[in-house]
Amino acid sequence: MKKIFIDLEMHPIPRSFTDEREICTQEVIEIGAVKLNEENEEIGSFCEFVKPAFVTKIYNKFQKLTGITTADIIDAAPISDVLPRFIEWCGEDYEIFSWSDSDIWQFLNETRLKQLEDLAGLSYMFNHWRDFQYEFCELLHLQKVMNLGKAVSLAGLDFSGREHDGLADARTTSHLYIESRDSKSFDRLRKLVIDVFSSHTFTMGDMFDFGSISLPPE
């Protein structure tokens, strides 16, 4: 079974659209994803900007965060065109992973708002979606989740490109997944978490809250 790792970049819908915001408060402006085969080798990538229906200008805050400009989205295709292309790219017999459940909720809400709920393949995608942020933190016996950048730092990996870039975030999530399937690497990571918790000389800054860690049962 293939594995798809996805990351969405989103932008708030202006508050003047009160009825629309009752259903969905944001719109997708970029879809980034990578595909792994059964041997966890990357075999493809997908990255497209998406033209929103209600957002006409990217706020400065989100331009700085994502690097996406108004010019990037002005000539992009709408989600009604991009999402079917993405679903077709995913193919058949796959699981899809995201870092947190915010991306699946975005798709659920935005497809409802834009009456795209009957898209071919959409139901399969939703039914095969996994929250890898939750799974990763469960593997380390953390009681609270951590963001992607902190998880990458903890694992001793390099971030694959710029944070909050759809494709870079998706690829980095796939690297964490591969690391978690390497028993030696993950045993080292689990031991590090335990050592950090028990140490009185913690020097890794504010990577995460000590209270978020619980030791695995003996």
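Computed quantities for the displayed model
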item: Reciprocal mean inverse distance between Cα atoms of region 58-156 - Kirkwood radius, Å; result: 15.9 Å
item: Antiparallel DSSP beta bridges within region 2-187, percent to nearest 5; result: 70 percent
item: Set 61/144; 35/144; 64/191; 57/144; 2/191; 61/191 screened for pairs whose C-alpha atoms are more than 32 Å apart; result: 64/191; 57/144; 61/191
item: Inter-label distance for residue 191 and residue 18, nm, one decimal - labels placed 7 Å from Cα along Cα-to-Cβ; result: 6.1 nm
item: Amide hydrogen neighbours beyond the local backbone of residue 100, cut-off 5 Å, H modeled; result: 132, 133, 134
item: The chain, relative contact order in percent, only Cα pairs under 8 angstrom and at least six apart counted; result: 23 percent
item: Read-out Rg and Dmax of the Cα atoms in Å, derived from the coordinates shown; its label in [x] 15.6, 44; [y] 18.4, 69; [z] 18.6, 57; result: [z]
item: Full-stretch length increase - residue 109, residue 59 - with 0.36 nm per residue and alpha-carbon distance subtracted; result: 15.8 nm
item: Cβ-based exposure ranking for 86, 126, in which fewest neighbours within 10 Å come first; result: 126, 86
item: Amide H partners (placed H, <5 Å) of residue 10, local residues excluded; result: 29
item: J(HN,Hα) series, region 114-123, from Karplus relation 6.51 cos²θ - 1.76 cosθ + 1.60, nearest Hz, glycine and proline x; result: 9, 6, 10, 5, 9, 4, 4, x, 5, 4
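FYI, it's all coordinate maths here, none of it is from the lab. Since this is a predicted model, take the numbers as computed values, not measurements. Ideal geometry is used to build each Cβ from the backbone, glycine not excepted, and the neighbour counts take in all protein chains shown.
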